[in-house]
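No lab work stands behind these numbers, since they all come straight from the coordinates. On a predicted model such as this, the values are computed, not experimentally measured, just so you know. Here the Cβ positions follow ideal geometry from the backbone for every residue, glycine too, while neighbour counts run over all protein chains shown.
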Amino acid sequence: MRESTGSNLIGDSGGCGCSSVKRRGMRPMLWLLLLLINIAPLQNAYGVMRFPPPEFESGYQMPTTTTPEARSDFLDYLDIAVLAAALSMAAHLVLWRRSRKWVFVLMLFSLAYFGFYRKGCICSIGSIQNVALAVFDGGYALPLSALMFFLLPLVFALFFGRVFCGAVCPLGAIQDAVLFRPVKVKPWLEHVLATVPFLYLGAAVLFAATGSAFIICEYDPFVAFFRRSGSFGMLTLGVGFLVLGVFVGRPYCRFLCPYGAVLRVLSYFSRWKVELSPNECLQCQICEEACPYGAISEPIVFEEPETPLQRRRSVIQHVIVTLVIGASLAVIGGGLATEFSKVHPTVSLAERVAGEEQGRFEDTTDASAAFRDTGRTTDELYAEAMTIRSEFVTGGRWLGAFFGIVIGLRMMIPAFRQRRSVYDPSPSACLSCGRCYNYCPKELLRVKRNRSLCPKVDSTSPKNSATVK
Amino acid sequence: MSKAEKEKGIERGHSRRGFLSGGFRGAMLFFFGMVTGFFTGKVRAERTVWQIDPFKCVFCTNCATECVLEPSAVRCVQYYPICGYCKLCTGYFDPQPINLDTGAENQICPTGAIIRTKLEDPYYEYTIDEELCIGCAKCVEGCELFGNGSFFLQVRHDKCVNCNECAIAVSCPGQAFVRVPAGDPYLLKTRETAG
């Protein structure tokens, strides 16, 4: 029982209510009066025990309140194991088995397990934010599954390329499954749009690290399908992406996914890559046509090779441009931080409370009323909000600098591409879907030759070659 | 080194690019190892799940509308040990009832999810039919303001999908949503903690 005078008063009036309760047919108006009397001191009245526990004479047994258990930890470890198994399987199917059919089957399994069964949570894309929050907020305990979902696909990307995108990610799978009429995106447009994921990544890390919001999860377009439930906005976003995905291959993966941005960088250095037949390329261009993700492009030949001096000069120019963009965006980022910080609930609450104190608002919001009930002083709130805002200023500057460097480096890439004489998937852009294997004539010939060495499956080979379109 | 030799070397992966790429791979693996090491002390094998601190709840009805599930994974629970078993329950009856009976027009619950059973005079038992409850907190408000507060909202973990960021938590004006260990996922009131 609370012993303060305020709550005693309420306790007394509650007692009155109790006795009147026992009188049958209390008048509604009387009750309303009681309501009005009680309203003033109610603010500190949460959780006051007004009525003693009843003494039952009839031997009534009190039911217990059910508390359904949360998902068990064992199932969490199972998720990690399934992820590891699916990644290994994907690497095997993409790089050694080289089979589009089996990659597709694995992709459907991932869609069913990580998508519809796990309802899109936990996912590697969202885990970026958990890791960012854990790095910057010591009080946040990072779940093991979030760490593993963050790290495993990255480690796999270092060795096997983006096998996660190809066959494990449920968001990729749902888009891959609806790609019926692929159209080509112009390479320059592709290159420009592929910068967006890096910017999204930077923004997501800033908001997660300051504990403001997990924007990747908030704007996850497909999670409403996985849960078969969601707000109108989420569903519209998801349907929009799927309709777009019928024509443009995997629009989310290529032009938005922040995890894809990390994978893009890492898979550039991968140990094994998706390769067609580099030694016997016919320059037939079928694979270029077949790839719906614009990952295979024509050979790069430089008509006038640069002299080392020209090259050095061009590097220096690019570095200067990058630094200038980075520095200016850092200034802009720091300036916009005040606006960004309003996303944080404490900052927006502090602004609201300050507005009320200055008489700019007549009424209170639920949040400001709840704050006043806690009995904390406004100065405490303002101080907390100012700390968060200063974090945003620092973060905003870093974010701006990051944006600048990303944009600068992306501008540099076309000038520093590696000379290439054959058609081959770019390891960064290749989503490891395995479609091109079904089109490359040399690859099909290789498969056929392998089949004929093995008489058991020989009967299937004519059927297989018939699938060449 | 002749040009032919150089190209042969490139084919075998002995190029400068190949070397740099290998070095980067090694460095990144080392970095991931560091990250794992850094988090080993901080990682809690036990997951956390979302729960509502009933003392911070301000009955704003966001729980009914903001959840990604339809209907919401937040439901009202009746915690019997602190219930007053009132005959005139302000969590059950509308503030201005026409009659004090179980007619729908007299109930505060929009879905009629509260079952009122007479035990012995003057005690009545109130039970929540959880499948009907939508988590709107109307009964919670009534019980909290004039009763013992035995009705309060809790995230029901048989329904909650434990989103990485709870959509209700984002919009909760009382900032009542907290992460709790999955092994002990409810924040129930007791007579001691309540007063």
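Measuring r between the beta carbons of A:V246 and A:C284 and using R0 = 25 Å, the FRET efficiency lands at 0.35.
May I ask you to derive the FRET efficiency for A:V301 and B:R25 from their Cβ-Cβ distance with R0 = 22 Å, giving the value to the nearest 0.05? Write out the running numbers ahead of the final one.
Numbers: r = 28 Å, r/R0 = 1.29.
E between A:V301 and B:R25, to the nearest 0.05, is 0.20.
For segment B:137-149, the Karplus equation 6.51 cos²θ - 1.76 cosθ + 1.60, evaluated at θ = phi - 60°, returns couplings of 6, 5, 5, 4, 4, x, 5, 5, 7, 10, x, 8, x Hz by residue, with Gly and Pro reported as x. Hull volume per residue, based on the alpha-carbon atoms of the protein assembly as shown and their convex hull, is 198 Å³. By the rule of a C-alpha distance below 13 Å, with chain neighbours fewer than 8 residues away ignored, the aspartates and glutamates paired with A:K273 are A:D424. Considering only C-alpha atoms, what is the centroid distance from segment A:55-88 to segment A:369-390, in Å? Going from one Cα centre to the other spans 36 Å. Pairs from the list A:K101/B:K159; A:K119/A:K186; B:K56/B:K87 with a Cα-Cα gap above 31 Å: A:K101/B:K159; A:K119/A:K186. Our coupling estimate for segment B:166-172, obtained by passing each phi through the Karplus curve with A = 6.51, B = -1.76, C = 1.60 and θ = phi - 60°, is 5, 5, 6, 4, 4, 9, 6 Hz, Gly and Pro reported as x.
Placing dummy labels 7 Å off each Cα toward the beta-carbon, the span from A:D137 to A:I320 is 4.4 nm. Label-to-label distance, B:D53 versus A:L409, with points set 7 angstrom from Cα along the beta-carbon direction: 4.1 nm.
Taking label positions 7 Å along the Cα-Cβ direction at both A:A369 and A:E339, the computed distance is 3.2 nm, reported to one decimal.
Distance between the C-alpha centres of segment B:124-180 and segment B:65-102: 11 Å, rounded to the whole angstrom.
Can you figure out the FRET efficiency of A:F361 with A:Q61, using R₀ = 45 Å and their beta-carbon distance, to the nearest 0.05? Intermediate values should be presented prior to the final figure.
Working: r = 51 Å, r/R0 = 1.14.
The formula returns an efficiency of 0.30 here.
For chain A, the longest principal axis of the C-alpha atoms and the axis of helix A:144-160 are separated by about 10°. Counting only the backbone N, which residues of segment A:129-155 are under 17 Å from the spot 7 Å out from the Cα of A:Y77 toward its beta-carbon? From segment A:129-155, the list is A:143-149.
How big is the antiparallel share of DSSP beta bridges in the protein assembly as shown, given as a percent to the nearest 5? Let's see the in-between values first.
Values: 20 of 21 bridges.
Once the DSSP bridges in the protein assembly as shown are tallied, antiparallel ones form about 95 percent.
Rg and Dmax, both from the Cα atoms of segment B:48-181 and both in Å, are 14.8, 48. Could you tell me how many degrees, from 0 to 90 and to the nearest 10, lie between the Cα long axis of helix A:100-110 and the main elongation axis, the longest principal axis, of the Cα atoms of chain A? Once rounded, one gets 10 degrees. Simple rule: put +1 on each Lys or Arg Cβ and -1 on each Asp or Glu Cβ in chain A, find the dipole, and look at A:A112, A:C284, A:G202; the Cα lying farthest toward the positive end is A:C284. Distances between placed amide hydrogens fall under 5 Å for B:Q78 paired with B:I128, all partners being 5 or more residues away or on another chain. Computed from Cα positions, the angle between helix B:16-40 and the longest principal axis of chain B comes to roughly 30 degrees. A cut-off of 5 Å between modelled amide H atoms, ignoring neighbours fewer than 5 places along the same chain, links B:Q107 with B:D94.
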